[in-house]
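Below is one structure, written out as C-alpha coordinates, with a few remarks after it.
The values are calculated or read from the model by the stated rules, or taken from the named source; none is laboratory data. The model shown is predicted, which means the values in this text are computed figures rather than measured ones. As a convention, Cβ positions derive from the backbone with ideal geometry for all residues, glycine included, and neighbour counts pool all protein chains shown.
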Amino acid sequence: MDPHHPYDPPKSDKFQGALTSRAYPERTQRKMNRYDGEIRFLDRQIGALFAFLRERGLYDDAVIVIVADHGEQFREHEKQGHGYSLHNVEIHVALLLKAGGRRGEVERTVSITDIFPTILELAGAGPRANHGESLLDPSPQRLAVLSEQVGFSLERGNQKAIVDRRGRKLILGYGEDDWSAVAPETELGTVGMYRSRSDPFEEKPILDLGLEARLRARFYEAYGKVAERRKGRDVPKVTLEEATVERLRMLGYVGE
(Lines give C-alpha, C1' and ligand atoms only; values in the text may rest on other atoms or scores of the structure.)
Protein backbone atom coordinates (compact mmCIF):
# COMPACT_ATOMS: atom_id res chain seq x y z
CA MET A 1 0.00 0.00 0.00
CA ASP A 2 2.98 2.36 0.20
CA PRO A 3 2.73 3.80 -3.35
CA HIS A 4 -0.68 5.28 -2.54
CA HIS A 5 -1.91 8.70 -1.51
CA PRO A 6 -0.79 10.32 0.71
CA TYR A 7 2.69 9.99 -0.78
CA ASP A 8 5.06 10.12 2.18
CA PRO A 9 8.27 8.16 1.55
CA PRO A 10 11.30 8.21 3.85
CA LYS A 11 13.51 11.22 3.13
CA SER A 12 16.27 8.95 1.85
CA ASP A 13 13.97 7.63 -0.90
CA LYS A 14 12.60 10.93 -2.22
CA PHE A 15 13.34 11.83 -5.82
CA GLN A 16 14.41 15.28 -6.96
CA GLY A 17 14.07 17.15 -10.24
CA ALA A 18 11.91 16.69 -13.31
CA LEU A 19 11.28 13.73 -15.57
CA THR A 20 13.00 13.63 -18.96
CA SER A 21 10.20 11.74 -20.75
CA ARG A 22 7.36 14.22 -20.23
CA ALA A 23 6.89 17.72 -18.80
CA TYR A 24 4.62 18.25 -15.80
CA PRO A 25 3.71 21.36 -13.78
CA GLU A 26 6.02 21.91 -10.83
CA ARG A 27 3.36 21.08 -8.23
CA THR A 28 2.46 17.84 -9.99
CA GLN A 29 6.14 16.98 -10.36
CA ARG A 30 6.63 17.29 -6.60
CA LYS A 31 3.80 14.82 -6.06
CA MET A 32 5.32 12.45 -8.61
CA ASN A 33 8.70 12.64 -6.89
CA ARG A 34 7.09 11.60 -3.61
CA TYR A 35 5.16 8.84 -5.37
CA ASP A 36 8.36 7.58 -7.01
CA GLY A 37 9.98 7.70 -3.58
CA GLU A 38 7.26 5.39 -2.28
CA ILE A 39 8.04 2.99 -5.13
CA ARG A 40 11.77 3.16 -4.31
CA PHE A 41 10.99 2.38 -0.66
CA LEU A 42 8.81 -0.59 -1.67
CA ASP A 43 11.55 -1.81 -4.01
CA ARG A 44 14.00 -1.87 -1.10
CA GLN A 45 11.56 -3.94 0.97
CA ILE A 46 11.18 -6.45 -1.86
CA GLY A 47 14.98 -6.61 -2.03
CA ALA A 48 15.08 -7.39 1.70
CA LEU A 49 12.55 -10.18 1.16
CA PHE A 50 14.66 -11.65 -1.65
CA ALA A 51 17.75 -11.49 0.55
CA PHE A 52 15.86 -13.36 3.29
CA LEU A 53 14.80 -16.07 0.82
CA ARG A 54 18.40 -16.45 -0.38
CA GLU A 55 19.69 -16.73 3.20
CA ARG A 56 17.21 -19.55 3.83
CA GLY A 57 18.02 -21.31 0.55
CA LEU A 58 14.49 -20.75 -0.74
CA TYR A 59 15.03 -18.22 -3.51
CA ASP A 60 16.16 -20.46 -6.40
CA ASP A 61 13.12 -22.74 -6.23
CA ALA A 62 10.61 -20.00 -5.45
CA VAL A 63 8.03 -18.86 -7.97
CA ILE A 64 7.70 -15.09 -7.54
CA VAL A 65 5.16 -12.83 -9.20
CA ILE A 66 5.39 -9.05 -8.87
CA VAL A 67 2.33 -7.17 -10.11
CA ALA A 68 0.29 -4.08 -9.35
CA ASP A 69 -3.50 -3.76 -9.32
CA HIS A 70 -3.39 -0.30 -10.90
CA GLY A 71 -1.21 2.64 -11.80
CA GLU A 72 -1.62 6.29 -10.86
CA GLN A 73 -2.79 9.27 -12.87
CA PHE A 74 -1.08 12.64 -12.48
CA ARG A 75 -3.42 14.85 -14.47
CA GLU A 76 -2.52 13.20 -17.80
CA HIS A 77 -6.27 12.83 -18.31
CA GLU A 78 -7.44 15.61 -15.98
CA LYS A 79 -7.55 13.53 -12.77
CA GLN A 80 -5.21 12.81 -9.86
CA GLY A 81 -5.06 9.29 -8.44
CA HIS A 82 -6.72 6.16 -9.77
CA GLY A 83 -10.15 4.67 -10.37
CA TYR A 84 -11.19 7.31 -12.89
CA SER A 85 -10.48 5.73 -16.26
CA LEU A 86 -8.98 2.83 -18.19
CA HIS A 87 -6.16 4.84 -19.74
CA ASN A 88 -2.65 3.38 -19.71
CA VAL A 89 -1.51 5.52 -16.80
CA GLU A 90 -4.03 3.71 -14.59
CA ILE A 91 -4.07 0.13 -15.92
CA HIS A 92 -0.72 -0.53 -17.65
CA VAL A 93 1.23 -2.08 -14.77
CA ALA A 94 4.37 -4.09 -14.20
CA LEU A 95 4.07 -7.90 -14.33
CA LEU A 96 7.27 -9.78 -13.50
CA LEU A 97 7.57 -13.54 -13.12
CA LYS A 98 10.52 -15.50 -11.72
CA ALA A 99 10.18 -19.22 -12.23
CA GLY A 100 12.62 -22.00 -12.98
CA GLY A 101 15.35 -19.85 -14.52
CA ARG A 102 13.16 -18.72 -17.42
CA ARG A 103 14.22 -15.63 -19.36
CA GLY A 104 12.40 -13.50 -21.89
CA GLU A 105 9.51 -11.15 -22.49
CA VAL A 106 5.93 -11.81 -23.52
CA GLU A 107 5.23 -9.57 -26.49
CA ARG A 108 1.45 -9.98 -26.65
CA THR A 109 -1.08 -8.03 -24.61
CA VAL A 110 -1.61 -9.82 -21.29
CA SER A 111 -3.74 -9.42 -18.18
CA ILE A 112 -3.41 -10.00 -14.45
CA THR A 113 -6.05 -12.71 -14.96
CA ASP A 114 -3.22 -14.66 -16.64
CA ILE A 115 -1.38 -15.08 -13.33
CA PHE A 116 -3.73 -17.78 -12.02
CA PRO A 117 -3.43 -20.19 -14.99
CA THR A 118 0.33 -19.51 -15.16
CA ILE A 119 0.84 -20.60 -11.55
CA LEU A 120 -1.35 -23.66 -12.13
CA GLU A 121 0.85 -24.68 -15.08
CA LEU A 122 4.04 -24.13 -13.10
CA ALA A 123 2.61 -26.29 -10.30
CA GLY A 124 1.75 -29.07 -12.72
CA ALA A 125 -1.98 -28.71 -12.12
CA GLY A 126 -4.57 -29.09 -14.83
CA PRO A 127 -6.29 -26.09 -16.43
CA ARG A 128 -9.29 -24.55 -14.66
CA ALA A 129 -12.22 -22.56 -15.98
CA ASN A 130 -10.79 -19.07 -16.25
CA HIS A 131 -10.68 -16.35 -18.90
CA GLY A 132 -6.95 -15.88 -18.43
CA GLU A 133 -4.19 -17.64 -20.38
CA SER A 134 -0.92 -19.00 -19.11
CA LEU A 135 1.98 -16.65 -19.82
CA LEU A 136 3.97 -19.77 -20.73
CA ASP A 137 1.58 -20.75 -23.54
CA PRO A 138 3.54 -20.52 -26.84
CA SER A 139 0.37 -20.31 -28.96
CA PRO A 140 -2.32 -18.39 -27.05
CA GLN A 141 -5.85 -18.33 -28.47
CA ARG A 142 -7.18 -15.12 -26.96
CA LEU A 143 -7.44 -12.24 -29.42
CA ALA A 144 -7.87 -9.43 -26.89
CA VAL A 145 -7.83 -8.47 -23.21
CA LEU A 146 -10.73 -6.88 -21.32
CA SER A 147 -10.60 -4.25 -18.57
CA GLU A 148 -13.31 -2.94 -16.28
CA GLN A 149 -13.58 0.11 -14.05
CA VAL A 150 -16.56 0.48 -11.76
CA GLY A 151 -17.30 3.92 -10.36
CA PHE A 152 -18.36 4.34 -6.73
CA SER A 153 -19.52 7.91 -7.31
CA LEU A 154 -20.81 10.16 -10.08
CA GLU A 155 -17.28 11.50 -10.54
CA ARG A 156 -15.89 8.02 -11.15
CA GLY A 157 -17.95 6.74 -14.04
CA ASN A 158 -18.17 3.20 -15.33
CA GLN A 159 -15.91 2.12 -18.16
CA LYS A 160 -14.93 -1.03 -19.98
CA ALA A 161 -12.14 -1.47 -22.50
CA ILE A 162 -10.72 -3.95 -24.95
CA VAL A 163 -7.08 -4.13 -26.04
CA ASP A 164 -6.12 -6.37 -28.93
CA ARG A 165 -2.81 -8.20 -29.37
CA ARG A 166 -1.34 -5.22 -31.23
CA GLY A 167 -2.14 -2.83 -28.40
CA ARG A 168 -5.08 -1.08 -30.06
CA LYS A 169 -7.45 -0.07 -27.30
CA LEU A 170 -11.10 0.96 -27.35
CA ILE A 171 -12.45 2.50 -24.14
CA LEU A 172 -16.23 2.49 -23.70
CA GLY A 173 -18.19 4.43 -21.12
CA TYR A 174 -21.74 4.12 -19.82
CA GLY A 175 -23.94 5.15 -16.91
CA GLU A 176 -25.84 1.94 -16.23
CA ASP A 177 -26.82 1.28 -12.63
CA ASP A 178 -26.43 -2.43 -13.29
CA TRP A 179 -22.90 -2.12 -14.61
CA SER A 180 -22.45 -5.85 -15.16
CA ALA A 181 -25.41 -6.15 -17.54
CA VAL A 182 -23.65 -5.37 -20.80
CA ALA A 183 -25.25 -6.78 -23.93
CA PRO A 184 -24.95 -5.76 -27.60
CA GLU A 185 -28.01 -3.51 -27.20
CA THR A 186 -26.49 -1.67 -24.21
CA GLU A 187 -25.68 1.94 -25.07
CA LEU A 188 -21.92 2.31 -24.70
CA GLY A 189 -20.30 5.59 -25.66
CA THR A 190 -16.78 5.73 -27.04
CA VAL A 191 -14.40 7.41 -24.61
CA GLY A 192 -11.44 7.01 -26.95
CA MET A 193 -9.49 4.64 -29.17
CA TYR A 194 -5.69 4.56 -29.07
CA ARG A 195 -2.55 2.77 -30.16
CA SER A 196 -1.54 2.25 -26.56
CA ARG A 197 1.99 0.97 -27.29
CA SER A 198 3.24 3.69 -29.62
CA ASP A 199 1.19 6.35 -27.79
CA PRO A 200 1.65 5.29 -24.13
CA PHE A 201 0.06 8.44 -22.67
CA GLU A 202 -2.86 8.00 -25.10
CA GLU A 203 -2.87 11.60 -26.23
CA LYS A 204 -3.59 10.89 -29.93
CA PRO A 205 -7.02 9.29 -30.42
CA ILE A 206 -7.48 7.10 -33.49
CA LEU A 207 -10.31 8.22 -35.75
CA ASP A 208 -11.16 5.06 -37.67
CA LEU A 209 -14.84 4.06 -37.67
CA GLY A 210 -14.08 0.70 -39.26
CA LEU A 211 -11.55 -0.26 -36.60
CA GLU A 212 -13.86 1.03 -33.87
CA ALA A 213 -16.68 -1.18 -35.14
CA ARG A 214 -14.41 -4.24 -35.25
CA LEU A 215 -13.07 -3.66 -31.73
CA ARG A 216 -16.58 -3.00 -30.43
CA ALA A 217 -17.86 -6.26 -31.95
CA ARG A 218 -14.88 -8.12 -30.50
CA PHE A 219 -15.57 -6.56 -27.10
CA TYR A 220 -19.16 -7.85 -27.06
CA GLU A 221 -18.03 -11.30 -28.15
CA ALA A 222 -15.28 -11.54 -25.51
CA TYR A 223 -17.37 -10.00 -22.74
CA GLY A 224 -20.26 -12.33 -23.54
CA LYS A 225 -18.00 -15.36 -23.07
CA VAL A 226 -16.81 -14.08 -19.69
CA ALA A 227 -20.37 -13.29 -18.57
CA GLU A 228 -21.49 -16.78 -19.61
CA ARG A 229 -18.86 -18.35 -17.35
CA ARG A 230 -20.21 -16.35 -14.42
CA LYS A 231 -23.72 -17.76 -14.79
CA GLY A 232 -24.75 -20.61 -12.55
CA ARG A 233 -21.84 -20.17 -10.16
CA ASP A 234 -22.72 -21.25 -6.63
CA VAL A 235 -21.03 -18.46 -4.73
CA PRO A 236 -21.27 -18.92 -0.95
CA LYS A 237 -22.31 -15.94 1.13
CA VAL A 238 -19.64 -14.52 3.41
CA THR A 239 -20.26 -12.40 6.48
CA LEU A 240 -17.56 -9.80 7.10
CA GLU A 241 -16.75 -8.29 10.45
CA GLU A 242 -17.52 -4.58 10.71
CA ALA A 243 -13.82 -3.80 11.26
CA THR A 244 -13.01 -5.47 7.94
CA VAL A 245 -15.79 -3.58 6.17
CA GLU A 246 -14.48 -0.31 7.60
CA ARG A 247 -10.96 -1.04 6.37
CA LEU A 248 -12.32 -1.80 2.90
CA ARG A 249 -14.32 1.44 3.03
CA MET A 250 -11.18 3.41 3.93
CA LEU A 251 -9.42 1.90 0.92
CA GLY A 252 -12.29 2.89 -1.35
CA TYR A 253 -13.53 -0.63 -2.10
CA VAL A 254 -16.87 -0.23 -0.31
CA GLY A 255 -19.25 2.67 -0.90
CA GLU A 256 -20.76 4.74 1.86
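Here is a list: 41, 15, 52. Which entry is out of contact with any Lys or Arg (no Cβ under 6 Å at 6 or more places or on another chain), exposed (fewer than 12 other Cβ atoms within 10 Å of the Cβ) and aromatic (Phe, Trp, Tyr)?
Numbers: 41 fails: exposed (fewer than 12 other Cβ atoms within 10 Å of the Cβ); 15 fails: exposed (fewer than 12 other Cβ atoms within 10 Å of the Cβ).
Exactly one residue qualifies, and that residue is 52.
Can you pull out the residues in region 170-194 that are among the small types (Gly, Ala, Ser) and either surrounded by 16 or more Cβ atoms within 10 Å (Cβ to Cβ) or at pLDDT 75 or above (or both)? The answer is 173, 189, 192. Considering region 142-169 alone, what residues qualify as being at pLDDT 80 or above and of a type in the set (Asp, Glu)? Hits for region 142-169 are 148, 164.
Among the residues of region 66-104, those that are farther than 28 Å from residue 205 by Cβ and outside any strand (DSSP E or B) comprise 99, 100, 101, 102, 103, 104. Tell me, yes or no, whether region 9-22 has at least one residue that is assigned to a loop (DSSP other than H, G, I, E, B), free of Cβ contacts under 8 Å to residues at least 24 places away in the same chain and closer than 30 Å to residue 121 by Cα. The answer is no; no qualifying residue exists.
Might you let me know whether region 199-219 holds any residue that is closer than 22 Å to residue 150 by Cβ and aromatic (Phe, Trp, Tyr)? Yes: region 199-219 contains one or more residues that are closer than 22 Å to residue 150 by Cβ and aromatic (Phe, Trp, Tyr). Taking first residues from region 242-254 that are touching a residue at least 40 places away in the same chain (Cβ under 8 Å) and surrounded by 12 or more Cβ atoms within 10 Å (Cβ to Cβ) and partners that are in a loop (DSSP other than H, G, I, E, B) and among the small types (Gly, Ala, Ser), the Cβ contacts under 8 Å between residues at least 6 apart in sequence or on separate chains come to 252/83.
Whenever a residue of region 199-220 is surrounded by 14 or more Cβ atoms within 10 Å (Cβ to Cβ), its partners that are assigned to a helix (DSSP H, G or I) and at pLDDT 90 or above, lying with C-beta atoms within less than 9 angstrom and at least six residues away or across chains, give the pairs 199/88; 200/88; 200/89; 201/88; 201/89; 202/88; 202/89; 206/212.
Of the residues making up region 198-242, those that are under 25 Å from residue 82 (Cβ atoms), at pLDDT 90 or above and in a helix (DSSP H, G or I) are 215, 219. Would you confirm whether any residue within region 89-100 is surrounded by 14 or more Cβ atoms within 10 Å (Cβ to Cβ), among the basic types (Lys, Arg), farther than 30 Å from residue 29 by Cβ and touching a residue at least 40 places away in the same chain (Cβ under 8 Å)? No, region 89-100 contains no residue that is surrounded by 14 or more Cβ atoms within 10 Å (Cβ to Cβ), among the basic types (Lys, Arg), farther than 30 Å from residue 29 by Cβ and touching a residue at least 40 places away in the same chain (Cβ under 8 Å). Screening 35, 24, 84 for residues that are under 17 Å from residue 1 (Cβ atoms) and out of contact with any Cys (no Cβ under 9 Å at 6 or more places or on another chain) leaves exactly one candidate, 35.
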